[in-house]
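Asker: I have a structure here, written as structure tokens, and I will follow up with some questions on it.
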Amino acid sequence: MSESFKQYLSIAKHMPISFYSDDHFTIREMSGVTTKVGTVENIKVTYTRTYEKSFSNLILNIEEVIFNKPHSDNIINND
């Protein structure tokens, strides 16, 4: 583990995907970052754009990332 993450105990992510047309989707990421002293900071990020279906494959083309509620530590935001 890198030194950058040693202050954190856990990062729990939930990423529901919504398909709202034949080729558009939204992922709403909600994460809770817990430090080793027990404090929790929540993060909310939205990913949007298009997807393609081919046989048993699904390709998500993420073109927009919106940090609705970023973490105070940019290393977590960039992960």
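Asker: Set Lys and Arg Cβ to +1 and Asp and Glu Cβ to -1, take the dipole of the chain about its Cα centre, and tell me which of Tyr51, Gly32, Met15 lies farthest positive.
Answerer: Going by the charge dipole, the pick is Gly32.
Asker: Sticking with this structure for a sec: Below 25 Å Cα-Cα, how many Lys pairs turn up in the chain? Only count pairs eight or more apart in sequence, or on different chains, if you could.
Answerer: 9
Asker: Taking the solvent-accessible surface of protein heavy atoms with a 1.4 Å probe, what is the per residue accessible area of the chain in Å²?
Answerer: Result: 72 Å² of accessible area for each residue.
Asker: For P(r) over Cα pairs in 10 Å bins from 0, in percent, the listed values are (1) 18, 35, 23, 15, 8, 1; (2) 17, 41, 25, 15, 2; (3) 19, 57, 22, 2; which was obtained by calculation from the structure presented?
Answerer: Here P(r) over Cα pairs in 10 Å bins from 0, in percent agrees with entry (2).
Asker: Still on this structure: To the nearest 20 debye, what is the magnitude of the charge dipole of the chain about its Cα centre, counting +1 on the Cβ of each Lys and Arg and -1 on the Cβ of each Asp and Glu?
Answerer: It works out to roughly 300 debye.
The values are calculated or read from the model by the stated rules, or taken from the named source; none is laboratory data. A quick note: this is a predicted structure, and the numbers were derived from the prediction, not measured. Methodologically, a virtual Cβ is constructed for each residue, glycine included, from the backbone with ideal geometry; neighbour enumeration extends over all protein chains shown. Areas reflect the complete protein model, heavy atoms only, side chains present, ligands, DNA and RNA absent. Shrake-Rupley method; radii C 1.70, N 1.55, O 1.52, S 1.80 Å.
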